[in-house]
């Protein structure tokens, strides 16, 4: 098989596989309605199962963590409406990390000190997830990150840390393969936000996979979110000969990426720009991409406003009703993370043996897609959603599984 990108046949096979998984492999909670059910509340007085949650409800990471927290809360509501976990009600014990490492660690310490919480979920930033998970692990408590995509995390906190989302190496591989295949890109200019861990790793994984596909990285440049302008980066871009086929802008958030992309466009460069899931935020959907075109980014799912899967439509409807805002992928990640934890506890029989249930999760059907844990990697096998900003509007391209994923 040609190793330069995607084909129509591959896409068709993925659709067939995805459809088969959706029809035959869903975990128990996902077969139930996301809408409220009657007479299904847990029996009062039953022992409560408690799971911790740490999310940044203030500061730079709130744009991702608030929707994720809301999705997690919604999952708890649904589970309890359906009778709880093995007949026991579920409680989410939430702390606000405020986008500050010390506050996050203090919050995790508070959660684990209770002695009644076997697992903590949350966070979307690997720089925050690592110290949080290490603190939890020191007390024998597991941590499931809903949105921190660094595939190195499970190696840095062995045994105790799982991802409920795709890894950065997987999404970067999809970008590189799509660039080399569908976009026929041969040369790339890579620009990444060097003061943050996520964009640094993402850029490295993209370069590694693009080089394997016989692409050329003409130059690697850096910027920081505090930069007042990007004239030096644009100058470096203008010196490249030939002009690169694409520019890969790896940024922590859309708020960090947008000024860079705008300056590149104002300088007269209109080649495709690519980036990662940090682009996918409520601000982008709320008109934040106005005047921007030809920007591709990877993310966790696409909540299509037109009729799609029943599961997603039910989730979108209830989320909109509950929070008066449209569902975004990070909301779905929060929801799926709670559902995965609930399924693991249900499968293992009790919260004390929680990790045994995680290892049994296979072909789980979530609102952000189908996933499985295998090979003791603690990172789910999961497709990547590819989007394109066209005339200021996000457009869904498709779901992809890369042919090869760079090692963490």
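Taking Cα pairs under 8 Å and at least six residues apart, what relative contact order does the chain come out at, in percent?
19 percent
For a test of the definition: using alpha carbon positions, the gyration tensor, and the 1.5 limit on a/c, classify region 155-283 as rounded, prolate or oblate.
It comes out oblate by the Cα gyration axes.
Shape of region 292-406 from its Cα gyration tensor (a ≥ b ≥ c, root eigenvalues): rounded if a/c is under 1.5, otherwise prolate when a/b > b/c, or oblate?
Cα axes put region 292-406 in the oblate bin.
Over what distance in Å are the Cα centres of region 234-257 and region 291-312 separated?
24 Å
Rank 305, 329, 158 by mean-square fluctuation in a GNM of the chain with C-alpha springs under 10 angstrom and give only the top-ranked residue.
Maximum among the listed residues: 305.
Mean projection of the alpha-carbon convex hull of region 40-178 over all orientations, in nm²?
With every direction weighted equally, the projected area is 9.3 nm².
When N counts the residues of region 239-303, how does its alpha-carbon radius of gyration compare numerically with 2.2 N^0.38 Å, as a ratio?
That ratio works out to 1.12.
May I ask you to compute the full-extension gain from residue 293 to residue 159, defined as 0.36 nm times their residue separation minus their alpha-carbon distance, rounded to one decimal in nm?
43.9 nm
Under a GNM of the chain (C-alpha, springs under 10 Å), which listed residue has the highest mean-square fluctuation: 71, 276, 87?
87
If you take the beta carbon distance between residue 224 and residue 48 as r and set R0 to 51 Å, what does 1/(1 + (r/R0)^6) give as a FRET efficiency, to the nearest 0.05?
0.65
Given an 8 Å cut-off on Cα distances and at least 6 residues of separation, report the relative contact order of region 62-127 as a percent.
Rounded, it is 32 percent for region 62-127.
What does the extension gain come out to for residue 86 and residue 231, with contour length at 0.36 nm per residue minus their alpha carbon separation?
46.3 nm
So for the pair residue 309, residue 283, with labels modelled 7 Å out along Cα→Cβ, what separation do we get in nm?
3.0 nm
For volume of the Cα convex hull per residue in Å³, several values are listed as (1) 194; (2) 182; (3) 129; flag the one computed from this structure.
Checking each listed value against the structure points to (3).
What ranking do 263, 343, 290 get, fewest neighbouring Cβ atoms within 10 angstrom at the top?
290, 263, 343
Pairs of alpha-carbon atoms within less than 8 angstrom and 6+ residues apart define the contacts here; what relative contact order does region 59-195 have, in percent?
16 percent
Would you look at the GNM of the chain, springs on alpha carbons closer than 10 Å, and say which of 202, 211, 57 moves the most?
211
What Kirkwood hydrodynamic radius do you get for region 254-358 when you take the inverse of the mean 1/r over all pairs of distinct Cα atoms, in Å?
Taking every pair of different Cα atoms in region 254-358, averaging 1/r and inverting gives 16.4 Å.
Is region 91-164 rounded, prolate or oblate when judged by the Cα gyration tensor, a ≥ b ≥ c being the square roots of its eigenvalues, rounded requiring a/c under 1.5 and prolate requiring a/b larger than b/c?
Note, shape of region 91-164 comes out oblate.
Would you mind computing the Rg to Rh ratio of region 132-222 from its alpha-carbon coordinates, Kirkwood style for Rh?
That ratio equals 1.09.
Between residue 323 and residue 239, what FRET efficiency comes out of the Förster formula 1/(1 + (r/R0)^6) with R0 = 41 Å and r the beta carbon distance, rounded to 0.05?
With a Förster radius of 41 Å, E is 0.30.
Expressed as a whole number of Å, what is the distance separating the alpha-carbon centroids of region 96-118 and region 149-187?
28 Å
Computed from the coordinates by the stated procedures, all read-outs in this text should not be read as laboratory data. The structure displayed is predicted, hence computed values, not measured ones. Virtual Cβ from ideal backbone geometry, glycine too; neighbours counted across all protein chains shown.
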